[in-house]
Every structure is written in C-alpha cells, then in structure tokens.
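**Student:** One structure, pasted below without further comment.
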Amino acid sequence: MDLFDRFNRLASQVGDLIGDIADESRSHVELGAALLERGDYDGAIAELRQALEKRRDNARALYLLGLSHLRRSQPGDFAEARRQLEQALAAREGFADAHIALGDALRAGGEPDAAAESYRAALPLIGDSAERAEVERSLGELYLEVGQIDKAVRALRKAASPLPEDTRVQGLLGQALIKSAQRR
C-alpha cells in the first residue's frame, strides 16, 4: 500500500507540473494574441516564443507566431511565417486557419501554386459559408494574378454567391469575366 500511495503522489505531482506549464504557456499565448490584435508584432512574437519555450507543440502559439511574422513583413519574415505555420499544421490536424495563413504567406513569398494548394486544403475544413467565400475570394484573386482565368472565374463565382453585397468580390469577378471574354 505504501508503494501505491507514493506512486499516486508522484503521479499527482507530475500532473500538477504539467498543468502549471500549460497554464503558463496559455497566458503567454493569450497575451501574444492580444498584442497581435493591437498590431504590436514584435511584442506578440516575444510572448509567443515564451509560450513555445514552455510547450513546443502548442498549435495555436505556432499559428499566431506565424501570423505575427506574416503581418510584420520584415526581411526573412515570410520564410519564418511559413516555417511556424507548417509546424502548427503538423501539431494540429484540420487547422483551417493555419492553412489559410500559410496560403497567404506562400502567396506573399511568391509561391502561387503552393499557396493555392494551401487555400484548397482549408476549404473542406470550413463550415461557415461566409468564411468559405473569403477563402474562395483569396483563391480567385490568386488565380487572377497568375493568369489562370477559368479557375479565377470559378472560385470568384463561389465567393460571390454567399456574399452578393461584397463589392470587392464582385469587382474581381467582373475583371475575371472580362479577361475570359477577351481570350475568346
């Protein structure tokens, strides 16, 4: 019985330690998210790195760190954003927001094919029609930029359907339709 009690006490202490580390990591993640929202990218990066020192596989911290680098847009940030976002995807399966942010990072880094693939990977993971429309808009805009007009028209039509009042989507769809007609 004495051995069993010691084992229980040790297991409880380990559980408390893990809980403390998770709580400490969480506070850094929440502060990092708030700093990111405020536009303090350097502060967000510092907090999120502290969170990752506590828990390396924290998918949300990795995602927010990638997003911070993407929005800061300093030399080397697109590569760092990509690295962090890929790690977030490895840490959490089905992480739609990380796929979208990775698509944005790849697009900004001049990798349109990989960006399109990342946007497409996010689509089946999104249930909300307005959010899906936003991703379709990004995809359509990307296709328009690289001259894949037919794909742009399809994606932008999917984006325009749930967002008929969105003038940006309607404008992009109009551009794509004009370019499509000019090619014929």
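The numbers here are math on the coordinates, done by the rules we state, and not lab data. Note that the structure is a prediction, hence the values are computed from the model and not measured. All Cβ positions, even for glycine, are placed from backbone atoms using ideal geometry, and neighbour counts span all protein chains on display.
**Student:** Once the piece of chain linking residue 93 and residue 38 is laid out straight, how much longer is it, given 0.36 nm per residue of separation minus the C-alpha distance between them?
**Tutor:** Working: separation 55, 0.36 × 55 = 19.80 nm, distance 2.81 nm.
Answer, rounded to one decimal: 17.0 nm.
**Student:** Could you give the C-alpha radius of gyration of the stretch 28-184 expressed as a fraction of 2.2 N^0.38 Å, taking N as the number of residues it contains?
**Tutor:** On the way: Rg = 16.8 Å, N = 157, 2.2 N^0.38 = 15.0 Å.
Taking the Cα Rg and dividing by 2.2 N^0.38 Å, one obtains 1.12.
**Student:** While we're looking at this one, here's another question. First select every other residue whose beta carbon is under 12 angstrom from the beta carbon of residue 88; then total the charges, Lys and Arg +1, Asp and Glu -1.
**Tutor:** Details: positive: 56, 60, 82, 83, 92; negative: 57, 86, 93, 97.
Surrounding charge for residue 88 is +1.
**Student:** Starting from 0.36 nm per residue, how many nanometres of slack lie between residue 24 and residue 113 once their C-alpha separation is accounted for? Display every interim value, and only then the final one.
**Tutor:** Working: separation 89, 0.36 × 89 = 32.04 nm, distance 3.88 nm.
Here the segment from residue 24 to residue 113 would lengthen by 28.2 nm.
**Student:** Please state the relative contact order of the stretch 48-184 as a whole percent: Cα pairs under 8 Å, 6+ residues apart?
**Tutor:** Working: 178 pairs, mean separation 19.4, N = 137.
It comes to 14 percent, rounded to a whole number.
**Student:** To make sure I understand the rule: partners must be aspartates and glutamates, Cα under 15 Å from the Cα of residue 179, and not fewer than 8 residues away in the same chain. Which ones qualify?
**Tutor:** Answer for residue 179, where 15 Å is the Cα cut-off: 141, 145, 150, listed by chain and number.
**Student:** May I pose another question? Starting from a Cα-only point model with no solvent, please compute log10 I(q)/I(0) by Debye for the stretch 92-184 at q = 0.10, 0.11, 0.18, 0.24 1/Å.
**Tutor:** -0.24, -0.29, -0.75, -1.18
**Student:** Per the helix-only calculation at 222 nm, which mean residue ellipticity applies to the chain, given -39500 (n - 2.57) for every DSSP H run of n ≥ 4 and division by its residues, nearest 500 deg cm²/dmol?
**Tutor:** Numbers: 9 runs with 150 residues, N = 184.
-27000 deg cm²/dmol, from helical runs alone.
**Student:** With θ set to phi - 60° and the Karplus curve 6.51 cos²θ - 1.76 cosθ + 1.60, what are the ³J(HN,Hα) couplings of the stretch 118-130 in order, to the nearest whole Hz, using x for Gly and Pro?
**Tutor:** 5, 4, 5, 5, 6, 3, x, 8, 9, x, 6, 5, 5
**Student:** Just name one of 87, 100, 177: the one whose Cα is farthest towards the positive end of the charge dipole of the chain (beta-carbon charges, Lys/Arg +1, Asp/Glu -1).
**Tutor:** Among 87, 100, 177, the one farthest towards the positive end of the dipole of the chain is 177.
**Student:** Could you go through the stretch 131-142 in sequence order and give the Karplus-derived ³J(HN,Hα) for each residue, using 6.51 cos²θ - 1.76 cosθ + 1.60 with θ = phi - 60°, rounded to whole Hz, and x for Gly and Pro?
**Tutor:** 5, 4, 4, 5, 5, 4, 4, 4, 5, x, 5, 4
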